[in-house]
Amino acid sequence: METPQEKKLDYLSKPLQNYIDRVATKTPVPGGGSVSACVATLSAALLNMVLDYTLGKEKYAVYQAELEALREENKKVLAKLSRYIEEDSRVYSLIRKYSSEEKNPVLEEKYLKQSAEIHLDICETALQIVQFAGLLAEKGNRGLISDTGIAASLALSSFDSAKMNVMTNLKYIGDREFVKKSIEQMSKIEGEVHSKGEAVYKKAVEVLNTGGR
């Protein structure tokens with residue numbers, strides 16, 4: 001009989017309501033880690049929408065080449081984050097397996113590190129997203145400035161959520177050097193993520209307060 005962690009996790013091809021229902025039920029996965037990845041994914045998805053509504057418009061033609069390159073980068077980010085929505089659940093199921101069902105400290109630590117690395121990457125990617133959003137706040141379609149601001153706000157939330165997931169994993173990892181480097185990696189970018197993300201949000205609010213000009 002297949003165990004839950006051996007079954008194919010299939011969130012992305014099913015209706016959104018299925019995912020919401022699974023999050024809301026008393027099951028180990030999907031949980032906060034998958035939801036953090038989902039929030040980050042939606043942030044990148046919103047930016048892609050803003051880019052699509054900007055590219056090809058005469059008003060923004062001077063930025064066409066720059067924004068086309070940005071869209072290609074953002075599409076890579078979007079694809080990666082989408083994978084993490086399911087990957088987090090797969091890895092967490094393996095952590096549970098080797099921490100309780102088939103106790104194996106070596107494999108447990110291996111997957112704890114994998115989980116931490118997923119969320120460290122979400123933290124790093126949140127910085128990319130707020131940087132993309134900052135560019136779009138200046139050069140993107142002003143008719144979608146609220147979407148740009150919301151994308152930045154979601155990116156901030158995904159950073160904070162991913163950081164919490166990293167800290168949870170680090171509690172159970174014995175490799176102190178890994179723990180030390182992970183904390184340093186997050187601390188190094190945390191201030192920049194928040195300052196840049198908040199600046200985009202404030203810019204969006206300012207534009208909306210002046211009638212979207």
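Run through every distinct alpha carbon pair of region 29-209 and return the Kirkwood hydrodynamic radius in angstroms, one decimal place.
Here the Kirkwood hydrodynamic radius works out to 17.0 Å.
For an R0 of 22 angstrom, estimate the FRET efficiency from the Cβ-Cβ distance between VAL106 and ARG83 and round to the nearest 0.05.
Numbers: r = 26 Å, r/R0 = 1.16.
Step by step, r from the Cβ atoms, then E = 0.30.
How far is it, in nm, from the label point at ALA69 to the one at ASP160 when both lie 7 Å from their Cα along the line to the Cβ?
Using points 7 Å along Cα→Cβ, the separation is 3.4 nm.
Greater than 22 Å separation of Cα atoms is the criterion. Which listed pairs, LYS57/LYS80; LYS110/LYS163; LYS110/LYS180, meet it?
Values: LYS57/LYS80 28 Å; LYS110/LYS163 19 Å; LYS110/LYS180 16 Å.
Pairs exceeding the cut-off: LYS57/LYS80.
Under a point spin-label approximation (7 Å from Cα along Cα-to-Cβ), what is the LYS202-VAL23 distance to one decimal in nm?
Label-label distance for LYS202 and VAL23, simple model: 2.9 nm.
Using amide H atoms built in the peptide plane, which far-off residues or other-chain residues are under 5 Å from GLY31 H to H?
For GLY31, whose amide H was placed from the backbone, there are no distant partners under 5 Å.
As a check on your grasp of the helix formula, calculate [θ] at 222 nm for the chain: sum -39500 (n - 2.57) over DSSP H runs of n ≥ 4, divide by the residue count, round to the nearest 500. Before the final figure, lay out the partial values.
On the way: 6 runs with 160 residues, N = 213.
Here the helix-only value at 222 nm equals -27000 deg cm²/dmol.
Values in this text are rule-based calculations from the coordinates and carry no lab data. On a predicted model such as this, the values are computed, not experimentally measured, just so you know. No Cβ is skipped: glycine too gets one built from the backbone with ideal geometry, and neighbour counts run over all protein chains shown.
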